1. How much of the DSSP bridge set in the chain is antiparallel, in percent, rounded to the nearest 5?
2. Roughly how compact is the range 330-408, stated as its Cα Rg over 2.2 N^0.38 Å to two decimals?
3. For the range 148-219, run through the chymotrypsin sites (Phe, Trp or Tyr not before Pro) and keep only the ones in DSSP coil with at most 11 other Cβ atoms within 10 Å of their Cβ.
4. Among all helices in the chain defined by DSSP H, which have a length of 27 Å or more along the axis from Cα atoms plus a Kyte-Doolittle mean of at least -1.0?
5. Can you pull the three principal axis extents for the Cα set of the chain, in Å, largest first?
6. Are there trypsin sites (Lys or Arg not before Pro) in the range 293-349 that DSSP marks as loop and that have at most 12 other Cβ atoms within 10 Å, and which are they?
7. Using unit Cβ charges (K, R positive; D, E negative) and no other charged atoms, how large, in debye to the nearest 20, is the dipole of the chain about its Cα centre?
8. Give, as a single signed number, the net charge of other residues whose beta carbon lies under 9 Å from the beta carbon of Ile378, with Lys and Arg counted +1 and Asp and Glu -1.
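Laboratory data are not the source of any read-out in this text; all were calculated from the coordinates shown. These numbers were taken from a predicted model, which means no experiment stands behind them. Neighbour counts are summed over all protein chains in view; Cβ atoms, including those assigned to glycine, are modelled from backbone coordinates with ideal geometry.
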Amino acid sequence: MKTKIILTMKERQRAEVLSRVLRRKSKEGKLTVRELALIFELSARQVYRLKSRYREDGFYGLAHRNRGRASPRKMAKRLEDKIVELAACKYKGFNDYHLTEKLNEDEEIKVSRQKVQSLLRSRGIPSPRSKRRPRHRTKRERSKQEGIMLQTDGSLHDWLEGRGGKLTLIGLEDDATNFVSPDCLLDNHETTFGYFKLFYNTFSKYGLPLSIYADRHTIFQAYREPTIEEQLEHKKPETQVSRALRELGITLIPAGSPQAKGRIERLWGTFQDRFVSELRLANAKTKEEANEILKKFIPQYNRRFIKKPANPIKAWRPIPKNLDLKQILCIKEQRTVNNDNTISWKGKTLQIPRSDVRSSFAKAKVELRHLLNGQLQIYYQNNLIAKFSKSYLESLSPINSSNTKEDFYYKEAA
């Protein structure tokens, strides 16, 4: 009888992919070993081994063979206790490196620095060095042209100094010139819609940049494992923002640390001094008042702090005539239509009207697009089949399926 084991999420996904591949009898649409190697991020030899183990042992064959076994290199508890006692008494105050040297040379206990470090931290003995030495960093050169790279970020701060709640300033700064987009905005939180609004207003005026430099916030980076469908299609998980930037041909560059995007971090430091003073002078108390002052403050800031780029030719790309920014800078979600031609959205039921595209949309896969103006659009294979205005969506009760076709279909919202 085999021992019960628990597969990791990655092992489960591999098992699901392998089961689908091996069940297919025809070669048409069947993944090759090379394609599986790309999906699993393994070598072809490892994929052959996995397939062989899966055929022989099923799900059990995908688990690591050492799972559940004690490591032969595991240190005896008696020796661990001795090291902890030496660190707490005889060698009290020694840093991990120095202590390891003493254990190896004077106490004849052969142990690595990593083992000493993990052992002492697990036993509640902190490092005597409270702060690491600062790393040597080199200055990153600016981009040569305006529009090559924009840095974006959100700054949560008490901008109104207690006259209102904390707000988040969402901004864009050109890496080459320090030019700050006049369309920066203050919002209650750092949201996807906030960035979409900023991008839409900025790109509409100046064009499309070549790249955007952002932190690793979940608005920009998806940290989930890819679904089975994504693995089969060789796709990586995306957020709404990263998907929109990809569709616009804009490279999203993730920053490795706050220091890496130091220019926009310094921008927030300047704003938290100068802009806060301007808000105090105007006695602003609401988000709306603060945003009005921000529109006047940013042009003044640009006149004072903008720099000349190394190359005066701007790198902004013109927006193609057949490209609609509103249809890209929006929330896109996939839905399966119910048998009664309805879909659920935020706990509300929406009826899809009759259409010449298809007699019935039951069980069909459709795409929902939530636009910046609040309108909701439903597409089936790039065909618009329904629109719902913001006011109508707000008027809907959580459960509503008795409305007529005319109630659900709306013309373009203003």
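1. Counting only bridges with both partners in the chain, antiparallel ones make up about 80 percent.
2. Rounded to two decimals, the normalised Rg is 1.00.
3. Nothing satisfies the criteria.
4. Qualifying helices: 262-282.
5. Computed over the chain, the largest-to-smallest principal extents equal 82, 69, 46 Å.
6. Those satisfying the criteria are Lys307, Lys321, Lys346.
7. My answer is approximately 1740 debye.
8. Residues near Ile378 contribute +2 overall.
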